[in-house]
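The values are calculated or read from the model by the stated rules, or taken from the named source; none is laboratory data. Computed from a prediction, not measured in an experiment: that's the story for all the values here. Cβ sites come from the backbone with ideal geometry, for glycine too, and all protein chains shown count toward neighbours. Only protein heavy atoms, including side chains, enter the accessible area calculation; ligands, DNA and RNA are left aside. Shrake-Rupley method; radii C 1.70, N 1.55, O 1.52, S 1.80 Å.
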Amino acid sequence: METKNILGIDIGASGIKGAIVNLEKGELVTERVKLSTPKPATPDAVAEVVTQLVEKIGYDGELIGCGFPSIVRHGVAYSAANVDPAWVGTNIETLLTTALGKEVIAMNDADAAGLAEMRFGKGLGKDGTIILITIGSGLGSALFYNGHLIPNSEFGHLYLHGWVAEHYVSNTARKKYEMSWSGFGKRFNEYLLHIDRLFSPDMVILGGGISNEFKQFSDKINSGLNVTTAAMFNHSGIIGAALYAYEAKHGGL
Ligand code: BGC
C-alpha cells in the first residue's frame with residue numbers, strides 16, 4: 001500500500017503543535033513541533049504561527065488536517081471559549097488554506113483526539129458508547145457510538161453545580177483554585193458521574209495534557225466507572241486531525 005503521510009496540526013489555547021503522521025500506523029513520522037499560541041489568539045495571529053510551524057516542519061504535501069478548540073461545523077468556528085472571540089464565524093479552512101497555499105480541513109480538537117484513539121488506541125475495535133475527555137486549558141469531549149463520531153459534543157460546557165464544567169474542573173481551574181490532586185480528583189469524579197448519569201458510556205478515555213498525571217488522582221475516581229487514559233496521550237489530536245483530513249478527501253483508509 002502506498003504510504004499516506006499527512007500533516008496534522010493541533011491548535012490549542014497555549015500551544016500550536018504539529019507533525020507529519022503515517023496514517024496506516026497512526027504514528028508520527030517527524031518530531032512533534034510546538035510553538036506558543038499568540039496572545040491575543042486572533043485568526044490572523046494564529047494563521048501566522050501556523051505558517052511558521054508548517055515551514056519549520058518542512059511539509060511538502062498538499063493536504064493538512066487541523067484540530068481547533070471550538071465547535072467546528074463545515075470548517076467554520078462557532079464558539080471561542082479559550083481563543084479570541086473574533087474566531088466566531090471565521091472559516092478556519094478558508095483562512096488557513098489561503099495562508100498556507102495548501103488545503104486545510106478543520107475539526108474540533110477533542111473530536112480529532114477521539115478519532116485517533118478509536119482507530120489506533122484504546123477505542124480500537126470497541127462498540128457501544130465511548131467518550132473521550134481531554135483535560136487541558138478547557139475540557140474537550142468526543143462522543144462515539146459503535147465507532148461513529150457524533151461531532152461537537154462539547155461536554156466541557158455541561159453545567160455542574162451551577163458551573164460550566166470546564167470552569168470547575170479543567171487544568172486552568174486546577175491552577176486557578178490551587179487544587180491538590182486529591183481535590184482535583186474529587187471534582188473530576190463528580191464530573192464523570194454526571195457524564196455517566198447522562199450517557200452511560202461503556203468507556204471513558206482521558207486525553208490531553210494532564211491525563212499523564214492520572215495516577216495522581218485515579219484513587220478518587222469511582223471504581224464503577226470504566227475510565228482509562230489515552231494510548232497516544234497528547235499526540236492523538238495531531239494524528240486524528242491528519243486522519244480526518246485524509247478521509248474527508250479520499251474516503252476510508
Ligand atoms: C472548547 C472545546 C474544546 C475544548 C478543548 C473547550 O473550551 O469549547 O471546543 O474542544 O475546550 O480544547
Problem - Restricting the range 57-80 to residues that are open to solvent by less than 20 Å² (accessible area, probe 1.4 Å) and under 12 Å from N152 (Cβ atoms), the residue that is nearest to the chain's Cα centre (by Cα) - result: F68
Fill in the blank from the handout: When the range 173-215 is checked residue by residue, the ones that are open to solvent by 60 Å² or more (accessible area, probe 1.4 Å) and either in contact (Cβ under 8 Å) with a residue 60 or more places away in the chain or touching a Lys or Arg at 6+ places or on another chain (Cβ under 7 Å) (or both) are K186, F199, S200, D202
Practice task
Of the conditions (1) crowded, with 20+ Cβ neighbours inside 10 Å; (2) under 24 Å from L132 (Cβ atoms), L100 clears all except one; give me its number.
Solution key: (2)
Exercise for the section: Please work out if M118 is within 21 Å of K220 (Cβ to Cβ) and either within 16 Å of the ligand (Cβ to nearest atom) or open to solvent by 10 Å² or more (accessible area, probe 1.4 Å) (or both). Expected result: no
Exercise for the section: Within the range 27-43, track down each residue that is open to solvent by less than 30 Å² (accessible area, probe 1.4 Å) and of a type in the set (S, T, N, Q). Expected result: T37
Completion exercise
When every residue in the range 121-148 that is over 21 Å from K25 (Cβ atoms) and open to solvent by 40 Å² or more (accessible area, probe 1.4 Å) is compared, the one farthest from the ligand (Cβ to nearest atom) is D127
Practice task
May I ask you to verify whether A45 is in contact with a strand residue (DSSP E or B) (Cβ under 8 Å, 6 or more places away or on another chain) and either more than 14 Å from G12 (Cα to Cα) or outside any loop (DSSP other than H, G, I, E, B) (or both)?
Solution key: no
Handout entry: Options V50, V54, V21, V83; residue that is under 23 Å from P151 (Cβ atoms) and assigned to a helix (DSSP H, G or I)
Key = V50
Problem - Scope the range 166-178; condition of a type in the set (F, W, Y) and in a helix (DSSP H, G or I); matching residues - result: Y168
Exercise for the section: Scan V54, V46, V88, V83 and give me the residue that is crowded, with 20+ Cβ neighbours inside 10 Å and within 12 Å of the ligand (Cβ to nearest atom). Expected result: V83
